[in-house]
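The structure appears below as structure tokens.
The values are calculated or read from the model by the stated rules, or taken from the named source; none is laboratory data. The model shown is predicted, which means the values in this text are computed figures rather than measured ones. All Cβ positions, glycine included, derive from the backbone under ideal geometry; neighbour counts span all protein chains shown.
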Amino acid sequence: MAAIELRGDYDATRLRDLARRSKDARQVRRLLSLAAVYDGARRGDAAAVGGMDRQILRDRAVRFNAEGPDGLIDRKARGAKPKLTAEQLSAVVQLIEEGPIPAIHGVVRWRLVDLVGWIYDEYGVTLDLSRLGKILKGLGYARLSTDPSRVLRWNCGPATRASAGSMAKRSASASHAASYSKAALSRAPCWS
């Protein structure tokens, strides 16, 4: 096999010195493998020094030649492309801030299920409930997951507290999708 060509401004002693000072264990192993190449070791033996195979050693040598020792540090992955564009996300934020219009949207407060449906209807983008919750949490929205009967007990007088239990039973099936608001829990209207 052909020998691995390495840049001429480094040598084995200098790479071992850099490995001694490095705090990144993976970079240290790669530097020591390349130092073995500078010493004239066979490609398989030099790869074994760093716990890699010959092809990975070659790939690391290409990055070392192009970028120097800093090219041997792992880069952070970019991650997946966001499903919502900045314009779409700002429209969702505006929708949350304005609140739903019951006659148009068919709900009196936004739940994750409702927002996911609206996003799909408007943009054709499918989002999971938990993913939308994480996006909204990242934007500073707090999750409000209170029992509706407690809200009624806090805000209503004794006359309506008796009916609060039946209200909670009716809305218990929808309580798993929490609403989001930047403000603290607002006062709910009292039903009689």
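Of note:
- Subset of region 70-89 [part of a helix (DSSP H, G or I), out of contact with any Lys or Arg (no Cβ under 9 Å at 6 or more places or on another chain) and buried (at least 16 other Cβ atoms within 10 Å of the Cβ)]: 89
- Residues of region 42-64 satisfying the condition of being within 20 Å of residue 9 (Cβ to Cβ) and more than 33 Å from the chain's Cα centre (by Cα): 46
- Failed item in (1) in contact (Cβ under 8 Å) with a residue 24 or more places away in the chain; (2) of a type outside the set (S, T, N, Q); (3) closer than 30 Å to residue 143 by Cβ, with residue 73 passing the rest: (3)
- For the criterion of being assigned by TED's automatic domain parsing to the domain that holds residue 128, surrounded by fewer than 15 Cβ atoms within 10 Å (Cβ to Cβ), out of contact with any Pro (no Cβ under 6 Å at 6 or more places or on another chain) and assigned to a helix (DSSP H, G or I), residue 55 fails.
- Failed condition for residue 96, given (1) of a type outside the set (Lys, Arg); (2) in a loop (DSSP other than H, G, I, E, B); (3) in the same structural domain as residue 130 (by TED's automatic domain parsing): (2)
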